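**Student:** Mind having a look at this structure? Questions to follow.
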Amino acid sequence: MFITEKRAQKIRNILKKRQKDLQIFSDNVTNQHNFSAILRTSDAVGVLYLYYRYLGEGELINEEITMGSHKWVIHQEVKDINSFFKEKKKEGFQIVATYLSEDSVHFREIDYTKPTLIVVGNEIQGVSKEVLEYADNKIIIPMYGMAQSLNVSVATGVILYEAQRQREEKGMYDKPSLSEEEIENILHKWSTEELIKYKMQESAIRHIKKINN
Ligand SMILES: C[S@@+](CC[C@H](N)C(=O)[O-])C[C@H]1O[C@@H](n2cnc3c(N)ncnc32)[C@H](O)[C@@H]1O
């Protein structure tokens, strides 16, 4: 282990609360602030896996907004949408896509205690047709104002906190969804990444000091 036992224990405790079967798919959210805020809320709610398709350019994560939370949520880019969703269905996930339509169901009608993949969409186009094809449920957060939609990171937060409420009620945060082996493997990976980052910072500081002397 490359970190102190105290730090390792803190990470283990967080991993024990992670909900490995509550996942997010971001369908081409392109705004850095939005994506980073989604990551941060995911961490707070205990999401371990956030998948994303990104058709834009440039860095998608802003560390000033994630406040480090991106390190604790496994975020993976998806290139092959069809294989990804077929695989998720095989794994037993219900696919719940946000969709701004009168036919969509109220977001609180969903049972989020089941293995669930929540799909959120692009700031302009919303969730793509290609992805909607895989949706078992289309959901909407009711709105009573003038604007037609919420900011995507706000919508994600509202849905995730409903999922958290339901899961808390069922005691799903009280028993780990990850096995001990999974926890130790993730801990090892994360602590190695921390060490690498620390070493890189150390060497950058040494380099700057050398230049300034
Ligand atoms: C700005 S909205 C996209 C608007 C787009 N014109 C549409 O019709 O989908 C961006 C994303 O935020 C989420 N969102 C915004 N408002 C929502 C609402 N009231 N209910 C559910 N999701 C919402 C959805 O994930 C949506 O794809």
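The values are calculated or read from the model by the stated rules, or taken from the named source; none is laboratory data. Being a predicted model, the structure only gives us computed values, none of them experimental. Here Cβ is always computed from backbone atoms with ideal geometry, including for glycine, and neighbour counts include all displayed protein chains.
**Student:** I'd like to check which strands (runs of 3 or more DSSP E) are fully inside the range 46-123 and have at least 1 residues that are over 17 Å from the mean Cα position of the chain (by Cα) and more than 14 Å from Asn34 (Cα to Cα).
**Tutor:** Working: elements: 49-53, 74-77, 94-98, 116-121.
By residue number, no strands (runs of 3 or more DSSP E) qualify.
**Student:** Give the number of residues within the range 21-35 that are more than 14 Å from the ligand (Cβ to nearest atom) and in contact (Cβ under 8 Å) with a residue 60 or more places away in the chain. I'd like the intermediate steps shown before the answer.
**Tutor:** First, the residues of the range 21-35 that are more than 14 Å from the ligand (Cβ to nearest atom): 21-23, 32.
Filter again for in contact (Cβ under 8 Å) with a residue 60 or more places away in the chain, leaving 21-23.
Selection size over the range 21-35: 3.
**Student:** Which ones in the range 107-131 are within 26 Å of Asn31 (Cα to Cα), surrounded by fewer than 18 Cβ atoms within 10 Å (Cβ to Cβ) and within 12 Å of the ligand (Cβ to nearest atom)?
**Tutor:** If we filter the range 107-131 for residues that are within 26 Å of Asn31 (Cα to Cα), which is where we start, we get 107, 116-131.
Narrowing further to those that are surrounded by fewer than 18 Cβ atoms within 10 Å (Cβ to Cβ): 123-125, 128-130.
Selection gives Glu123, Ile124, Gln125, Ser128, Lys129.
**Student:** Additional query: Starting from the range 102-114, take each residue that is polar (S, T, N, Q) and list its partners that are within 13 Å of the ligand (Cβ to nearest atom), counting only C-beta distances under 6 angstrom and pairs at least six apart or across chains.
**Tutor:** Pairs that qualify, where the first residue is polar (S, T, N, Q) and the partner is within 13 Å of the ligand (Cβ to nearest atom), are Ser104/Lys138; Ser104/Ile139; Ser104/Ile140.
**Student:** Out of everything in the range 1-23 that is among the β-branched types (Val, Ile, Thr) and touching a helix residue (DSSP H, G or I) at 6+ places or on another chain (Cβ under 6 Å), what residue ends up being modelled with the lowest pLDDT? Spell out how you get there, then give the answer.
**Tutor:** First pass over the range 1-23, keeping only residues among the β-branched types (Val, Ile, Thr): 3-4, 11, 14.
Subset that is touching a helix residue (DSSP H, G or I) at 6+ places or on another chain (Cβ under 6 Å): 3, 11.
Values: Ile3: 82, Ile11: 95.
Selected residue: Ile3.
**Student:** When you look at Ser101, is it buried (at least 16 other Cβ atoms within 10 Å of the Cβ), within 10 Å of the ligand (Cβ to nearest atom) and among the hydroxyl-bearing types (Ser, Thr, Tyr), yes or no?
**Tutor:** On the way: buried (at least 16 other Cβ atoms within 10 Å of the Cβ): no; within 10 Å of the ligand (Cβ to nearest atom): yes; among the hydroxyl-bearing types (Ser, Thr, Tyr): yes.
Judged against the criteria, Ser101 is not a match.
**Student:** Identify the residue in the range 159-182 that is exposed (fewer than 15 other Cβ atoms within 10 Å of the Cβ) and within 18 Å of Arg108 (Cα to Cα) and, among all such residues, is nearest to the ligand (Cβ to nearest atom). Break it down stepwise before answering.
**Tutor:** Just the residues of the range 159-182 that are exposed (fewer than 15 other Cβ atoms within 10 Å of the Cβ), to begin with: 161, 165, 168-171, 174-175, 179-181.
With the extra rule that they be within 18 Å of Arg108 (Cα to Cα), the set shrinks to 161, 165, 168-170.
Details: Tyr161: 13, Arg165: 17, Glu168: 22, Glu169: 22, Lys170: 23 Å.
So, considering only residues that are exposed (fewer than 15 other Cβ atoms within 10 Å of the Cβ) and within 18 Å of Arg108 (Cα to Cα), the one nearest to the ligand (Cβ to nearest atom) is Tyr161.
**Student:** Out of all the residues in the range 30-46, which are among the hydrophobic types (A, V, I, L, M, F, W, C) and either in contact with a Ser or Thr (Cβ under 8 Å, 6 or more places away or on another chain) or surrounded by fewer than 19 Cβ atoms within 10 Å (Cβ to Cβ) (or both)?
**Tutor:** Initial filter on the range 30-46 (among the hydrophobic types (A, V, I, L, M, F, W, C)): 35, 37-39, 44-45.
Hits for the range 30-46 are Phe35, Ala37, Ile38, Leu39, Ala44.
**Student:** Keeping to the range 124-140, report how many residues are farther than 15 Å from Tyr52 by Cα and either assigned to a strand (DSSP E or B) or within 17 Å of the chain's Cα centre (by Cα) (or both).
**Tutor:** Of the residues in the range 124-140, 4 are farther than 15 Å from Tyr52 by Cα and either assigned to a strand (DSSP E or B) or within 17 Å of the chain's Cα centre (by Cα) (or both).
**Student:** Would you check if Asn62 is within 20 Å of Glu130 (Cα to Cα) and either surrounded by fewer than 20 Cβ atoms within 10 Å (Cβ to Cβ) or in the same structural domain as Glu130 (by TED's automatic domain parsing) (or both)?
**Tutor:** Values: within 20 Å of Glu130 (Cα to Cα): no; either surrounded by fewer than 20 Cβ atoms within 10 Å (Cβ to Cβ) or in the same structural domain as Glu130 (by TED's automatic domain parsing) (or both): yes.
Against the criterion (within 20 Å of Glu130 (Cα to Cα) and either surrounded by fewer than 20 Cβ atoms within 10 Å (Cβ to Cβ) or in the same structural domain as Glu130 (by TED's automatic domain parsing) (or both)), Asn62 does not qualify.
**Student:** Now for a separate question. Of all the residues that make up the range 113-147, how many are of a type outside the set (Val, Ile, Thr) and in contact with a His (Cβ under 9 Å, 6 or more places away or on another chain)? Walk me through how you get there before you give the answer.
**Tutor:** Going residue by residue through the range 113-147, those that are of a type outside the set (Val, Ile, Thr) are 114-115, 117, 121-123, 125-126, 128-130, 132-138, 142-147.
Filter once more, so that each one left must be in contact with a His (Cβ under 9 Å, 6 or more places away or on another chain): 142.
The number of residues fulfilling the criteria is 1.
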